[in-house]
Amino acid sequence: MQVLRETPGLWTSLFAVFGWFNILAPKWVYPIWNGIVVASITGVIIHVWRGRKAARLEEAERGFSQQAKTQAVPLLDWPGLPAVLLALWVLLVYAGLVIFMLKTPASQGRLLFPAVVPMALGLAFGLSGYQWSGIYLLIPALALLTSVYSLLFVIPAAYEHPPVIALEDLPADAQKINIELGNGIWLLASQIETDQTQAGDWVWLTLYWQGTDVISDLSEVDAPTYVLELFGHDDALIGKVQSYHGGGLYPASLWPAHEVLADRVAVEIDQDLLAPVQARLNVKLAGQDHSADVGTVKIVPEAWLDPSESALASLNGIDLANATILPQVVKPGKVTKVELRWQVNDSPGLALTTFVHLGDPSRPPVAQGDSVPLGGHYPTTLWVPGEVFSDTYELTVPPALPPGLYPVHVGLYRPENGSRQTLTVDGVRQQNDAYLVGWLEVEH
């Protein structure tokens, strides 16, 4: 089943995949070739139908006897034998590929090329079934178009060196970095193209590099690779690419000194990351200690949680849809979790911090678990209407806290001045702008 799931990629790479299987033709190329295959299969059906019709007419004209109709034809004289042998060869090559794929992950269409001649003959045979002679011009013209376009536009563009620009031509909106990462190579700035994306997609950005006189002493062997890493929750690695500059085509040993290289790069996001998250992009040179954060990107889930019809509390366009304390009975020194569900109706437009306090809200808390939402990895400045997600905070009960029941309150505040967001329940503003989640029992 795993081998069969590789069929779409195998089919695509049979027609047009370039480079090290990392450069695809334009999307319109593949429907053309799929259409050629469908047209050919239809033409084979037309051939079979015409052949049977012609055979019936011949029998009627000659008045074949029942004995002549059933007379066996020698196998070597059977007209369909060449087609069967050619089709069998294609099936044998594919069977060999399947066996190979069971041993190693290599579903490459080029491995079907030993059968490309009979496949091409089959396509030609099928297309010859059409009586409209224009098909003989249209189909080859479309096929030729895909080849010429890929040859002139797709492949050269993929292997072009990144542009070299003057220092004064750095984009004004690029994030200035100006740090030497080693080997006389400076990272001057970065420009993130992807503002928002999802798991499995790509994050595109341009890195602006500059080499000093030191790079002239580098050999091709010494030229360093750069490492672009993408970090998510708790600094988990969720994407990485390591390559020579210019997509591997323009190592630093070839750079002109003091010129600025605009290197457009991309990193693929892991499928299994925890979203939403403000992911952090970091760049370094392989083997070097210095690194630089070059920007962030918002990664959202494929679908948000279902919105709630009613809210526990409202905080200026943000609804607290659910709140739970787990566990509700703990011993001193232990940790309990407060799970919240936020529902965004209006973008906050400013940075807010969640407070989670244990104890009398009119007094300093006996314990607190204040944090930027989602462990600091999804600030409220990124929130937009329609987002619904769960958030978890931790409260550590002080070891010397006496046993008893203690209230747990939550809310939002501005970290620069401590002012709390107005919090209402059913339209009524709550005291201290805090919502009572519940009571935590501390027992010895």
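The values are calculated or read from the model by the stated rules, or taken from the named source; none is laboratory data. Fair warning: this is a prediction, and the values are worked out from it, not measured in the lab. So basically every Cβ, Gly included, is an ideal-geometry build from the backbone, and we count neighbours across all protein chains shown.
Of all residues in the stretch 221-239 being of a type in the set (Gly, Ala, Ser) and under 21 Å from the mean Cα position of the chain (by Cα), which is surrounded by the fewest Cβ atoms within 10 Å (Cβ to Cβ)? First the steps, then the outcome.
Applying the first criterion (of a type in the set (Gly, Ala, Ser)) to the stretch 221-239 yields 223, 232, 236, 239.
With the extra rule that they be under 21 Å from the mean Cα position of the chain (by Cα), the set shrinks to 232, 236, 239.
Details: Gly232: 22, Ala236: 14, Gly239: 23.
Top of the filtered list is Ala236.
Please specify each residue of the stretch 1-36 satisfying the condition of being within 16 Å of Leu145 (Cα to Cα) and part of a helix (DSSP H, G or I). Lay out the reasoning, then the answer.
Taking the stretch 1-36 and keeping what is within 16 Å of Leu145 (Cα to Cα), we get 15-17, 24-36.
Phe15, Val29, Tyr30, Pro31, Ile32, Trp33, Asn34, Gly35, Ile36 - these are the residues of the stretch 1-36 that are within 16 Å of Leu145 (Cα to Cα) and part of a helix (DSSP H, G or I).
Residues Leu261, Leu285, Leu218, Leu249: which one is touching a residue at least 24 places away in the same chain (Cβ under 8 Å), exposed (fewer than 15 other Cβ atoms within 10 Å of the Cβ), touching a Pro at 6+ places or on another chain (Cβ under 9 Å) and of a type outside the set (Gly, Ala, Ser)?
On the way: Leu261 fails: exposed (fewer than 15 other Cβ atoms within 10 Å of the Cβ); Leu285 fails: exposed (fewer than 15 other Cβ atoms within 10 Å of the Cβ); Leu218 fails: exposed (fewer than 15 other Cβ atoms within 10 Å of the Cβ).
After applying the criteria, what remains is Leu249.
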Open item on the list: One residue is enough: does the stretch 376-397 have a residue meeting the conditions within 23 Å of Leu274 (Cα to Cα), among the acidic types (Asp, Glu) and within 26 Å of the chain's Cα centre (by Cα)?
Closed with: yes
Open item on the list: Being touching a residue at least 24 places away in the same chain (Cβ under 8 Å) and among the small types (Gly, Ala, Ser) is the filter here; which residues of the stretch 348-375 pass it?
Closed with: Gly349, Ala351, Gly359, Ser362, Ala367, Gly369, Gly375
Task: Condition met for Thr146 (in a helix (DSSP H, G or I) and surrounded by 15 or more Cβ atoms within 10 Å (Cβ to Cβ)) - done: yes
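Condition check ((1) in contact with a strand residue (DSSP E or B) (Cβ under 9 Å, 6 or more places away or on another chain); (2) surrounded by 15 or more Cβ atoms within 10 Å (Cβ to Cβ); (3) among the acidic types (Asp, Glu); (4) not assigned by TED's automatic domain parsing to the domain that holds Val329) across all residues:
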position: Gly386; (1), (2), (3), (4): yes, no, no, no
position: Glu394; (1), (2), (3), (4): yes, no, yes, no
position: Val397; (1), (2), (3), (4): yes, yes, no, no
position: Ala400; (1), (2), (3), (4): no, no, no, no
position: Gly404; (1), (2), (3), (4): yes, no, no, no
position: Gly418; (1), (2), (3), (4): no, no, no, no
position: Gln421; (1), (2), (3), (4): yes, yes, no, no
position: Val425; (1), (2), (3), (4): yes, no, no, no
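Looking for whichever is modelled with pLDDT of 90 or more, of a type outside the set (D, E, K, R) and farther than 27 Å from Val297 by Cα here; the options are Gly200, Gly211. Which one fits?
Working: Gly200 fails: farther than 27 Å from Val297 by Cα.
So the residue among Gly200, Gly211 that is modelled with pLDDT of 90 or more, of a type outside the set (D, E, K, R) and farther than 27 Å from Val297 by Cα is Gly211.
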Task: Top-ranked residue of the stretch 154-176 - restricted to ones that are of a type in the set (D, E, K, R) and either part of a loop (DSSP other than H, G, I, E, B) or surrounded by 14 or more Cβ atoms within 10 Å (Cβ to Cβ) (or both), ranked as modelled with the lowest pLDDT - done: Glu160
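State yes or no: is Leu412 in a strand (DSSP E or B), among the hydrophobic types (A, V, I, L, M, F, W, C), without any contact (Cβ under 8 Å) to a residue 60 or more places away in the chain and assigned by TED's automatic domain parsing to the domain that holds Gln343? Talk me through it step by step, then tell me what you get.
On the way: in a strand (DSSP E or B): yes; among the hydrophobic types (A, V, I, L, M, F, W, C): yes; without any contact (Cβ under 8 Å) to a residue 60 or more places away in the chain: no; assigned by TED's automatic domain parsing to the domain that holds Gln343: yes.
In short, no.
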Task: Among (1) assigned to a loop (DSSP other than H, G, I, E, B); (2) surrounded by 15 or more Cβ atoms within 10 Å (Cβ to Cβ), the one test that Gly200 misses - done: (2)
TODO: Being hydroxyl-bearing (Ser, Thr, Tyr) and free of Cβ contacts under 8 Å to residues at least 60 places away in the same chain is the filter here, so list the residues in the stretch 333-347 that pass it.
DONE: Ser347
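Before we move on, is Gly246 under 15 Å from Leu187 (Cα atoms), part of a loop (DSSP other than H, G, I, E, B) and not hydroxyl-bearing (Ser, Thr, Tyr)? Explain how you work it out, then say what you get.
Numbers: under 15 Å from Leu187 (Cα atoms): yes; part of a loop (DSSP other than H, G, I, E, B): yes; not hydroxyl-bearing (Ser, Thr, Tyr): yes.
Answer is yes for this residue.
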Open item on the list: Residues that are under 28 Å from Pro26 (Cα atoms), of a type in the set (Phe, Trp, Tyr), touching a residue at least 24 places away in the same chain (Cβ under 8 Å) and in the same structural domain as Trp28 (by TED's automatic domain parsing): does the stretch 127-146 have at least one?
Closed with: no
- [ ] Note down all Cβ pairs under 7 Å where the first residue falls in the stretch 105-122 and is without any contact (Cβ under 8 Å) to a residue 24 or more places away in the chain, the second is not aromatic (Phe, Trp, Tyr), and they're at least six residues apart or on different chains.
- [x] Leu111/Leu97; Pro114/Val93
